[in-house]
1. Where the centroid of each part is defined by its Cα atoms, how far is the range 1-63 from the range 71-101 in Å?
2. How far is helix 43-52 tilted off the main Cα axis of the chain, in degrees rounded to 10, range 0 to 90?
3. DSSP loop GluC sites (Glu not before Pro) in the chain with at most 10 other Cβ atoms within 10 Å of their Cβ, which ones?
4. How many percent of the alpha carbon pairs in the range 3-100 exceed a separation of 20 Å?
5. How far is helix 72-81 tilted, in degrees, relative to the longest principal axis of the Cα atoms in the chain, given as a value from 0 to 90 rounded to the nearest 10?
6. For n ≥ 4 DSSP H runs only, could you compute -39500 (n - 2.57) per run for the chain, divide by its residues and tell me the 222 nm figure to the nearest 500?
7. Report the full-extension gain for the segment Arg82 to Glu66: residue separation times 0.36 nm, less the Cα-Cα distance, to one decimal in nm.
8. Show me the ranking of peptides 48-54, 89-95 by mean Cβ neighbours inside 10 Å, starting with the highest.
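None of the figures in this text is laboratory data; all of them are computed from the coordinates on show. Just so it is clear, the model here is predicted, and its values are computed rather than measured. As a convention, Cβ positions derive from the backbone with ideal geometry for all residues, glycine included, and neighbour counts pool all protein chains shown.
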Amino acid sequence: MPTTCALCRRVVHHERLDDPQALQEHHLIPENRAESPTVTLCRPCHKQVHATFTNEELRETYHTIEALRGAERLAEYLSWIRSTGKLDIRIRTSDHVRERR
């Protein structure tokens, strides 16, 4: 049974699901896993979210899937990822996140 990434909305077909990390649960409120709602993201989207935003930004501004989809800093990435079937991509942590860690 195929599964859809909540962020990019790409369908991950069942034959790709033999990779246990192809789909990952993203906690919408970081550092509060016990109470945080989750969404299912493909591996590239999950990595990109954490490479683009600090936990503080995720907690305060981007704590819904709608907010993430509308984030200007993800717009170019989302446009690109929707055009590929790749589940393994290179992600570079943004300077913005690196400076705040």
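1. The range 1-63 and the range 71-101 have Cα centres separated by 13 Å.
2. Around 10 degrees separate the two axes.
3. Values: sites: Glu15, Glu25, Glu31, Glu35, Glu56, Glu57, Glu60, Glu66, Glu72, Glu76, Glu99; in loops: Glu31, Glu35.
Listed in order of number, the matching sites are Glu31, Glu35.
4. 34 percent
5. Roughly 10 degrees between the two axes.
6. Values: 5 runs with 37 residues, N = 101.
When only DSSP H runs of four or more count, the value is -9500 deg cm²/dmol.
7. On the way: separation 16, 0.36 × 16 = 5.76 nm, distance 1.64 nm.
So the chain would gain 4.1 nm between Arg82 and Glu66.
8. Values: 48-54: 20.0, 89-95: 11.9.
Answer by packing, highest mean first, reads 48-54, 89-95.
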